[in-house]
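Heads up, the thing below is written out as structure tokens.
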Amino acid sequence: MPSFKRFLHTAKDSFFRRKPITEAAEHTFDENNEKLLPSDAESQTTNKLTRSLGGFDLVLLGIGSTLGAGVYISTGQIAAAVGPSVIFCFFIAAAASMLAGFSYAEFASRVPKAGSVYLFSYVTIGEMVAWIMGWDLILEYIIGTAAVARSWSAYFDNLTGGAMSQAMNDSFFGSWRIDGVFSVPDPFAFMLILILSFIVCLGVKESALFNNICTFVNLFVILFITVVGCFYIDVSNWTDVPFFAADSTTFIANVATCFFAYIGFDVIATSAEEVKKPGKDIPVGIIGSLTGCLLSYMSVSTIISLIVPFTLLSTEAAQSAPLSAAFDLRGVGWARHIINIGALVGMSTSLLAALFPLPRIIYSLARDGLLPPFFSQINQRFRTPINGMLLAGSFAGLLALLFDVNALASMMSVGTIIAYTTVSASVLILRYRDATTPAVSAKCTSAVVVFILSAITFSLSYHYGQRYFSDEAYYAIVSILGAETLLPVVYLFYIRRTSAFDHTVAATLKYACPWVPAVPLLAIGANMFFIVTLDYMHWVRVGGWLVVGLVIYLSYGMWNSLERNKRLKESLLKNDSYVYADVVSYHVAA
């Protein structure tokens with residue numbers, strides 16, 4: 001075992017140890033995780049993902065991952081809460097998501113490898129933060145898979161009149177329920193995850209084909225809702241009621257709900273290593289999918305708020321299936337069958353999109369030595385990391401089979417917004433690092449950190465300050481904190497206008513996030529504004545998962561990191577006697 005002094009030294013080094021961005025974008029490894037020379041890399045094909053996805057595939061992949069049951073359920077529920085202004089809720093949320101999407105597009109085109117925010121933070125911040133991001137993504141996708149599978153099963157069970165759930169409740173397994181922990185086993189959800197895991201294992205082309213077909217069906221149903229709904233529009237449902245029917249607090253809370261409905265486009269960044277032309281196709285995929293989702297959400301929310309008064313969507317029956325209830329109220333009951341098909345197909349694409357990036361995240365972590373190399377192996381026939389898929393799919397299936405995942409589903413929102421914030425901050429840090437001197441770059445990095453902390457403080461005071469302060473004190477505190485939040489923004493803009501900033505750097509990129517630093521800063525501010533609205537229990541659950549991840553990293557990943565071992569070898573070649581003696585003593589003790 002290493003000495004405690006060595007442990008602290010390695011932990012400190014891992015926090016700031018970054019992977020060179022040129023190496024992250026270009027390197028290739030063999031089955032033993034050994035770096036290949038260019039000549040060897042060209043002939044080595046046994047452990048590489050294949051680039052077979054185009055821009056059109058990415059657009060449909062992003063739409064499929066985002067447009068699940070939410071477009072059929074959330075639109076009606078939000079319309080019932082805020083009235084006709086539901087369209088502005090979805091528009092504002094889409095704009096906030098697009099801000100993060102620009103940053104994702106730049107990074108994924110600069111570093112077109114599997115790993116998404118894990119790899120982005122590795123080349124920008126450091127290895128330990130990168131591990132946390134990767135571990136966070138694994139949680140997000142596993143919980144997302146289990147939650148969508150449970151929703152799919154529950155929706156189908158509702159169509160059958162509750163036959164499946166009744167059979168399980170009447171069986172021996174009916175006594176397994178423990179509220180908030182265990183639920184009555186759901187073998188249908190378990191089998192659904194196994195089937196789609198098998199499809200993901202077959203290869204990226206097969207997964208894309210399944211997603212494309214299901215997404216086309218989903219979009220057709222949304223088009224059907226829009227076209228048929230146009231024949232039943234009653235403009236008085238907008239003109240005879242207040243357009244903004246809710247107060248500002250309720251409106252903002254529903255904008256946050258809409259923001260979470262756009263979560264899913266990050267799957268495109270995760271598949272970057274399998275894209276034919278990442279510099280061109282990834283920005284098209286991210287921006288195109290978000291635009292398609294915006295049009296879909298706004299079309300459906302416009303129709304549902306125009307064909308019936310929004311007050312009629314508040315009943316219990318309407319809340320579970322608002323679109324079907326709205327068409328029933330207009331005497332178009334037959335439309336519910338097509339709507340139900342769309343909902344099931346939409347959830348199928350969301351389930352596939354949650355499973356698709358899982359093995360690729362695990363593969364990326366293992367390729368860098370942070371997980372055992374077993375998970376970095378690529379199946380030679382299907383060209384997919386099957387080992388990671390089998391483990392993650394089985395774990396997600398067991399969660400869906402046995403546990404009450406509804407209490408865990410909201411953990412996805414925490415993880416995703418943390419990832420969005422990290423990517424936007426990474427774009428800022430890397431842009432200023434490339435365009436300024438090291439001294440100025442360090443100050444700019446500090447400014448980004450200060451802005452994030454200030455945005456959190458401002459958001460907390462805005463959302464919760466009125467509970468503890470008088471109106472006068474509340475507005476004074478919010479104003480002061482808002483001004484404080486602007487200070488690092490002013491500094492970053494000031495640096496950009498000085499001669500110390502090299503404006504030619506952005507021109508060398510295949511795709512550059514526009515209007516830096518404004519767009520990344522707005523994205524971070526929006527993320528912090530929405531994330532503080534989540535219940536504290538979400539943070540407790542995510543914190544528990546991250547503690548488990550840190551134990552794994554500190555006991556395995558930190559010591560087996562390829563980046564660490566590469567630096568140790570370089571130190572040995574330079575005859576660094578201290579490092580040599582320390583490494584020898586460590587291996588002898590081990």
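Data for the structure
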| item | result |
| --- | --- |
| Thr315 versus Tyr468: modelled label distance in nm, points set 7 Å from Cα along the beta carbon direction | 4.4 nm |
| Filtered chymotrypsin sites (Phe, Trp or Tyr not before Pro), the stretch 509-557: DSSP coil and at most 14 other beta carbons within 10 Å | Trp515 |
| Residue pairs, from the table Lys280/Lys569; Lys19/Lys280; Lys12/Lys443; Lys276/Lys569, whose Cα atoms sit over 29 Å apart | Lys280/Lys569; Lys276/Lys569 |
| Of the trypsin sites (Lys or Arg not before Pro) in the stretch 317-382, those whose Cβ has at most 10 other Cβ within 10 Å and which sit in DSSP loop | Arg381 |
| Ranked order, Leu219, Leu568 - accessible area, probe 1.4 Å, largest first | Leu219, Leu568 |
| Dipole-positive endmost among Val275, Phe530, Phe243 within the chain (Cβ charges, Cα centre) | Val275 |
| Electrostatic dipole magnitude of the chain [Cβ: Lys, Arg +1; Asp, Glu -1; Cα centre; debye, to 20] | 1400 debye |
| Values of log10 I(q)/I(0), in the order q = 0.12, 0.14, 0.15, 0.19 Å⁻¹, for the stretch 321-446 under a Debye, Cα-only, solvent-free model | -0.79, -0.92, -0.97, -1.13 |
| Highest-first arrangement of 384-394, 424-434, where packing means the average Cβ count within 10 Å | 424-434, 384-394 |
| At most 13 other Cβ within 10 Å, DSSP loop - chymotrypsin sites (Phe, Trp or Tyr not before Pro), the stretch 450-492 | Tyr468 |
| FRET efficiency estimate (nearest 0.05) - Cβ-Cβ, Ala518 to Ala476, R0 25 angstrom | 0.35 |
| Amide H within-cut-off set for Phe403, under 5 Å, with H built and near neighbours excluded | Ser183 |
| Rg and Dmax of the stretch 524-574, Cα atoms only, in Å | 18.1, 52 |
| Given 16 as the ceiling on other Cβ atoms within 10 Å, longest exposed-site-free region of the chain for GluC sites (Glu not before Pro) in DSSP loops | 35-590 |
| Accessible area expressed per residue, the chain, with surrounding protein chains retained (probe 1.4 Å, Å²) | 42 Å² |
| Rh by Kirkwood over Cα pairs, then Stokes-Einstein D for the chain at 1.306 mPa s and 10 °C, µm²/s | 63 µm²/s |
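The values are calculated or read from the model by the stated rules, or taken from the named source; none is laboratory data. Because the structure is predicted, anything quoted here is derived from the model rather than measured. Because the Cβ atoms are built from the backbone with ideal geometry, glycine has one as well, and the counts that use them run over all protein chains shown. Surface accessibility is based on the protein's heavy atoms, side chains included, excluding ligands, DNA and RNA. Shrake-Rupley method; radii C 1.70, N 1.55, O 1.52, S 1.80 Å.
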